[in-house]
Amino acid sequence: MKSLRRLSRAALLGQAPRRDGLPDAMEHVAKVHRAHHPGADLGALRRAYVLAESSHRGQMRKSGDPYITHPLAVTLLLAQLGAETTTLTASLLHDTVEDTDVTLEQVREEFGEEVGYLVDGVTKLEKVDYGAAAEPETFRKMLVATGNDVRVMSIKLADRLHNMRTLGVMRPEKQVRIAKVTRDVLIPLAERLGVQALKSELEDLTFAILHPEEHRLARELIAEHTKEPDPLTGVATSVRRLLREADIAAQVLIRPRHTVSVHRLRLKRGELGPCDFGRLLILVEEDADCYAVLGELHTCFTPLVAEFKDFIASPKFNLYRSLHTAFADEEGRVAEVLVRTREMHRVAEAGVIALGDPHRASASGTGEGEGTEPGGPGWLSRLLEWQSHATDTETFWAELRDELAQDGEITVYCAAPGAAPASGGGALPLPAGATCVDAAYAQYGEAAHRCIGVRVNGRLTALSTVLKDGDAVQLFMEPAVGTVPSGPSPEWLEHARTPAARIAIRQWLAAHPATPEQVSTRLVPLAGVSSGADVLGEGPAEEGAAPPAGRTGAETHHDSRTSARRGECDRGAADGTTGSGSWEGAASVVAEDPRAVVRLAGCCTPVPPDSVTGFAVRGGAVTVHRDSCQSVARMTSTGRRPVPVRWQQGASGCRVTLRAEALGRTHLLADLTEIIAAQGATVVSAEVEPPREQRVLHTYTLQLPDAAGLPALMRAMRGVPGVYDVTRAARPVPAR
C-alpha cells in the first residue's frame, strides 16, 4: 500500500511517463501483469489510467489518500491473480462512471463494448433513486451482469477486499454493516467462483470486525506457535527426500493456515497441536505425478484414510482440483497434505480470475486467458432464474443470502416424463441438501405445481427426500390439459431448499388461499393432494360413489370399512384363507354336491374364466382357489383331495374387489370412479386409506355386468394419471 500511495502521488504531481508510455504509478501493475501475460498490449491500460487519474483528481478517500490509490490497488490485486488486460482496464475505470463526470457512453467509445459492460456491471445504483433498496438492487444488477460475464464479480470482489483493508477509518456501526454483507454475500460468491486468495483474506478481515474476541484468541495462538520451530519443517524435509529418491520432480512448501482456518480447526479439535497451524503443499507438473506422490506418501508413512479426498477425479463445483490426504511420520507427527499441479494451484488460488471467464460461449477478442466453455455454473444459472421471479427487494435479498449459505453442489439426473428412471436424462445441478421438491421446480419451473410423486433410483419415495449426488430422479405430473393444478401444499415450504422452489410455492399459496374447510381436510403435505376421504364429501364429483340419501360421505366411508371387515370375518376359512372378493348371484362357483357352501379364497380371489380348484373345509364348505395359487400346491402336497368345482354364469353380473395403488393427488377418486363408470361397472363400496408419504391405496368393490370385462377395466384404471398398479384384492390389507 505504501508504494501504491507513493506512485499515485507521483502521478498526481505530473511526473513524466516512462519510455514504454506507462506512468510511474502503473509500473508495478505492468510488471506483475506481464509476468502472467508476457505479450499483453499495455496501451489500453495506459489510457485507462490517464482517464481514471484525471477524472478522480481532487477526490480523497476517508483515509486521506488520493482516490486514485483505490482503483490502482484493485487493479494490482487482479493483476497478481493473473487477470487479463480487459479486466484490468475495467478495474482502473470501475468507479469513474459512479463517482466522476465520465459517462458510460464515453467509456464504451474509448475502450469498447466489453470494457463498458464490465464497468456498468460494477457501477452502484443511486440511493436517491432506490433508497434502502439501492444495495440489494445493486447486487441484483451485478449478478445479472455476472451471468453474462463473471469478470464483473471478479472486479467487485477485488474492490471489496481493498475497501475491507481500509475499513478501519469508518464508524464502527458502518464497519459491522459492511462486514455482514461481505460475510453473507461476497465471501460465498468468492468461494463459488473459486477465488480462494480473495476469499481467505475477506474471511479474516470480516472475522476481526464481527468476532473480535475469537479473532484475538486465534491470532494469539498463531503468535505462540511462531515462537517455536515449526515441526512441519522437518516433515517437509523428509517428504522432499522421499520424492527425490522416487525420481518425482516436486516442490514441497509449508502453507500456513489463515486466521479463520485456525479458529475453525480449534473449534473442531479443541486444543491444537504443533502441526495444526499449516499444511504441506506439494506442486508437480502432471496429473499423473499427483497420484505418484500420493502413492509414495501412503507407502512410506502411515496414512489417515479418513482424511483422503480426490478432488482431481471429482472436482468441486467451483473448479477446484487437488488431492487431500494426511499421514503420520515415524516420529508421530501428523501432517495434512495438498497435492496438485501448478496449473491446479493457479486455479485454486485465483479461480475464474485466472481463467478469464471459463463459462463464456466465445472469447472476447483480447486473446489472453479467456475460456471457451459454453454455459454457466449451475448455481449461477439457478440464481439468475429465481431472481427474475423475486420482484420485491426484500424477498430477493433474503433468498440470496439463503442461496449463498448452501455449501456445496450435487448433480442429479432427471428422466424425461414417461421414461424409465434407469434411462437417466438431463443433468440437473442442485445445491447440496436439495430435496425432490427442489428438483421438481428446477426441472419444470412453475409447472412443478402439478408434481404428484417421484421415483429416486427406481423407488417411489417422498417429495421431501434429500437427494444425493448422482441420483436418478423421475417426477410424476398431473395432466396439464384442461385441468387446474392441484397446487403445492404449504408443507412443501418445509422441504424446499432452493429459492426458486420457495418463491414459486409462496406465490401459488398467496394466489390460492385455502378456505377453512380445505385447511381442515388437507392431508398429504408432501404431494399436495387430498385423501379419498376429502373427495368423498365433495358431492357431485364422486360419480359412482355418492352416499345413499340421508347419509354423509363420511358415514359411507365408515360403513364401507366396517362392512368389508365384517364380510371378511364371515367368510373366514379353516385353511387360513379369507374371501375378500365374491360373485353374488352372478358368475358363481358350484360344487358337485349341491348342498356344499362354496367360498372364494381371499389369497387369490378367482374370477371367471380362471381355472379353479376346490378344497373341503370344516362344516362341509368348499373353498375355491385358482389353479395357479400356491395354496393349491401346498394343500395337494399334504394329501388334501381337491373337490370338483365349476363356474356358473348368473343373470345379474358379477362382483369383484380391486385395489388401486397410486400417487396421491386431488380428484384421484373422482377420476377413478369416472373410469369405472365408463367401463360399465358400478361402485358398491369404496375405501381410501389415509395417505402414507405421497402414496394412497384405494379399494373398490365393483359390480360388473360381465366378468369378461374385468381385464379391460383394470387396464383403464391403470391408465388414470398417478395410478401405478391395480390388482384384485387378495387378503385384508393390514393397517399402515
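Coordinate-derived values only; no laboratory data. Computed from a predicted model, the values in this text were never measured in an experiment. Positions of Cβ are generated from backbone atoms using ideal geometry, with glycine treated the same way; all protein chains shown enter the neighbour counts.
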Radius 11 Å from Cβ of Thr206, net charge of other residues (Lys, Arg +1; Asp, Glu -1): 0
For the stretch 165-185 and the stretch 662-712, distance of Cα centres in Å: 64
Ala677 versus Lys127: modelled label distance in nm, points set 7 Å from Cα along the beta carbon direction: 6.7
Contact order relative to length of the stretch 2-221, as percent, for alpha carbon pairs under 8 angstrom and 6 or more apart: 14
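From the mean inverse distance of alpha carbon pairs (Kirkwood) and the Cα radius of gyration, derive Rg over Rh for the stretch 229-350. Don't skip to the end; give the middle numbers.
Numbers: Rg = 14.0 Å, Rh = 14.8 Å.
When Rh is taken as the Kirkwood radius, the ratio is 0.95.
Given the C-alpha atoms of the stretch 193-275, compute the convex hull and give its volume per residue in Å³. Before the final figure, lay out each step's value.
Details: hull volume 10.4 nm³, N = 83.
Spread over its residues, the Cα hull of the stretch 193-275 gives 126 Å³ apiece.
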Residue among Leu189, Phe207, Leu78 farthest towards the positive dipole end of the stretch 2-221, charges placed on Cβ: Phe207
Too-long pairs where the Cα-Cα distance tops 27 Å, listed order kept, from Lys127/Lys156; Lys31/Lys124; Lys309/Lys468; Lys268/Lys309; Lys141/Lys199; Lys127/Lys180: Lys31/Lys124
